[in-house]
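*Asks:* One structure, as structure tokens, below. Some questions next.
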Amino acid sequence: MALPRLVVLCAISELGGAEISLLELVAALRGRYEFHLIVPGEGGFRERAEEAGATVWILPWPGTLAATGETSAQPGAGRLLRAAVSLKPFTRRVATVLSEIQPAAFFH
């Protein structure tokens, strides 16, 4: 029987605390779930994720969306507007990847 597929949309491509915790979860649940991680680019996270048993998909984030920052200071209205405009094509690309994976659950 096929394992349930879980997809996680990751905001960064490098290793930080959240990413390390996610990798520990992937490794601990290996064999019970099939993990697919969508990351914005190449980096140390990809190799470690594959070693933990996850399938990694590279899906670059639009520069305007990435520029809003994960933990940066509050972006201005202009930056937010530019990021919002890039969301529609980006969500289409995410939807295309999700339709290929056909996950049981999607996390971000």
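*Asks:* ALA2 versus LEU81, label points 7 Å from Cα toward the beta carbon: distance in nm?
*Replies:* Once both label points are built, they end up 4.5 nm from each other.
*Asks:* I'd like the distance between the alpha-carbon centres of the range 1-48 and the range 83-108, rounded to an integer number of Å.
*Replies:* Spelled out, the Cα-based centre of one part sits 16 Å from the other.
*Asks:* Evaluate the distance, in nm, between pseudo-label points positioned 7 Å from the Cα of ALA105 and of LYS88 along their respective Cα→Cβ axes.
*Replies:* Spacing of the two 7 Å Cα→Cβ label points: 3.3 nm.
*Asks:* In nm, to one decimal, how far is the GLU14 label point from the ARG32 one, both placed 7 Å along Cα→Cβ?
*Replies:* Roughly 3.2 nm, to one decimal.
*Asks:* Another question, then. Can you list the residues, at least 5 places off or on another chain, whose amide H is less than 5 Å from the amide H of LEU59, using H built in the peptide plane?
*Replies:* VAL39, GLY41
*Asks:* If you don't mind, there's one more thing I want to ask. Give the residue from ALA77, ILE38, ALA104 lying farthest towards the positive end of the charge dipole for the chain; charges sit on Cβ (+1 for Lys and Arg, -1 for Asp and Glu) and the dipole is referred to the Cα centre.
*Replies:* About the Cα centre, the residue reaching furthest to the positive side is ALA77.
*Asks:* Quick query: amide H of GLY53 versus all other amide H atoms, modeled in the peptide plane; which residues come in under 5 Å with a sequence gap of 5 or more or a different chain?
*Replies:* Those lying under 5 Å, H to H, from GLY53: there are none.
*Asks:* Further, regarding this structure: Rg and Dmax of the range 5-107, Cα atoms, in Å?
*Replies:* 14.5, 46
*Asks:* Further question: Output the peptides 7-16, 22-31 sorted from most to least packed, where packing is the average of other Cβ atoms within 10 Å over each peptide's residues.
*Replies:* The packing order, highest mean first, is 7-16, 22-31.
Where a number appears in this text, it was derived from the coordinates with a stated rule and is not lab data. Computed from a predicted structure; not experimentally measured. Neighbour counts are summed over all protein chains in view; Cβ atoms, including those assigned to glycine, are modelled from backbone coordinates with ideal geometry.
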